1. Taking amide hydrogens as modeled 1.01 Å from N in the peptide plane, which residues meet the under 5 Å criterion relative to L175, leaving out close sequence neighbours?
2. Report the full-extension gain for the segment E96 to R34: residue separation times 0.36 nm, less the Cα-Cα distance, to one decimal in nm.
3. Gap in Å between the Cα centre of segment 76-92 and the Cα centre of segment 148-209?
4. If you take the Cα Rg of segment 28-98 and divide it by 2.2 N^0.38 Å, with N the number of residues, what do you get?
5. Multiply the residue gap between A203 and D157 by 0.36 nm, knock off their C-alpha separation, and tell me the result in nm, one decimal place.
Amino acid sequence: MVSNAQVKPFPFARIFSEPLVEAVTVDEQALNARIAALEADCARLRAEHEAALAVARAEAFQQGLDHARGERETALLAAVDALQASVEAMEEGLGEVEVRLAGEAGELALAAADLLAARALEQDPTAAIDEAIGRALGQVQRGQSIRIRVHPDLVADLERLVTERQANERRRLSLIVFGDDKLSLGDASLQWDQGGLRLDADARRRAIRAELEGILAPA
């Protein structure tokens, strides 16, 4: 098959010329300066970011701290109010306890006085009467007689005490003992011309109760 296209031999000896490219001159000093400026900007931005972050954290911490302090103060005020209420209630309770204890102490003192008086009367029913005679002798004139009334069961014992007193006294004692069944055992009535003295256990008890009336427990 014959082709109509013409075939031309390639000219191997042809010389091609390269295009002229101008060399680019790089200013290393300016490039380094630019890099340094960019790094400085990055460092500045980083520092500003860290500073802003620190400020934000500080503000958030301060706000949280203020809130916590507010809640703490509120809680403390509530606790103080509750404590004050408890103290007031305790004081009221202590006041009632003090009144009750004072009353009980008064009753105990009265009971102790009764017990001691009863024991003293049981051990020596004439002791208080003998002491009363001694007080009466300090008030009467020399030679003045004292009339002593006691329960009939105590006449003999009291006469013996009177005899002992008369024997031990230099001055003459005029002590006359009478029996009186209206008197309780241990009570006595001493009379002389210018006065008298009476021993009454019930009266003494009433006097003691009157002294303790302010603190005795209500009946």
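We did not get these values from a lab; they are worked out from the coordinates using the rules stated. Just so we're clear, the structure is a prediction, and the values are computed from it rather than from any experiment.
1. Residues meeting the criterion, in which the H sits 1.01 Å from N, are I146.
2. 13.2 nm
3. 63 Å
4. 2.69
5. Once the chain is fully extended between A203 and D157, it gains 14.2 nm.
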